[in-house]
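Notes to accompany the following structure.
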Amino acid sequence: MFIWMQAASMWVFGVNEFAARLPNALCGIITLLVLFHTGKKYFDERFGWLWVMVYLGCFSAPFIFQVRYYRPGIQPVHIPRAFAIDRIGKWH
């Protein structure tokens with residue numbers, strides 16, 4: 001899926017550095033939105049923000065360094081994890 005996202009990005013913006021990095025950035029933003037929504041839905045808005053801040057604090061340094069290099073598939077792994085957290089919460 002990531003390769004298709006990157007191909008679409010390069011088709012729209014041309015083959016350049018921005019187009020290569022855009023899918024990673026979008027996946028990161030989607031992950032943060034899913035975490036916030038899940039935290040807000042099951043607890044409250046404050047917890048949603050806390051969850052996002054903890055996630056950013058734990059993972060921001062490695063992702064900042066990885067964005068410099070072309071490594072497909074590093075960030076998109078976290079979106080299914082965030083959705084899994086959302087689904088597990090529905091069972092309780």
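The values are calculated or read from the model by the stated rules, or taken from the named source; none is laboratory data. Quick caveat, the model's predicted, so the values are computed rather than measured. As a convention, Cβ positions derive from the backbone with ideal geometry for all residues, glycine included, and neighbour counts pool all protein chains shown.
The condition of being in contact with a Cys (Cβ under 7 Å, 6 or more places away or on another chain) and at pLDDT below 85 holds for only one of Ile74, Ile79, Ile64, that being Ile79. Looking across the stretch 7-38, the residues that are more than 9 Å from the chain's Cα centre (by Cα) and either of a type in the set (Asp, Glu) or buried (at least 19 other Cβ atoms within 10 Å of the Cβ) (or both) come down to Ser9, Glu17, Pro23, Leu35, Phe36, Thr38. Scanning the stretch 41-53 for residues that are surrounded by fewer than 16 Cβ atoms within 10 Å (Cβ to Cβ) and not hydrophobic (A, V, I, L, M, F, W, C) yields Lys41, Tyr42, Asp44, Glu45, Arg46. Determine if the stretch 7-17 includes at least one residue that is in a loop (DSSP other than H, G, I, E, B), small (Gly, Ala, Ser) and free of Cβ contacts under 8 Å to residues at least 40 places away in the same chain. Checking the stretch 7-17: at least one residue is in a loop (DSSP other than H, G, I, E, B), small (Gly, Ala, Ser) and free of Cβ contacts under 8 Å to residues at least 40 places away in the same chain. Of all residues in the stretch 32-57, none that is modelled with pLDDT of 90 or more has its Cβ atom under 8 Å from the Cβ atom of a residue that is outside any helix (DSSP H, G or I), 6 or more apart or on another chain.
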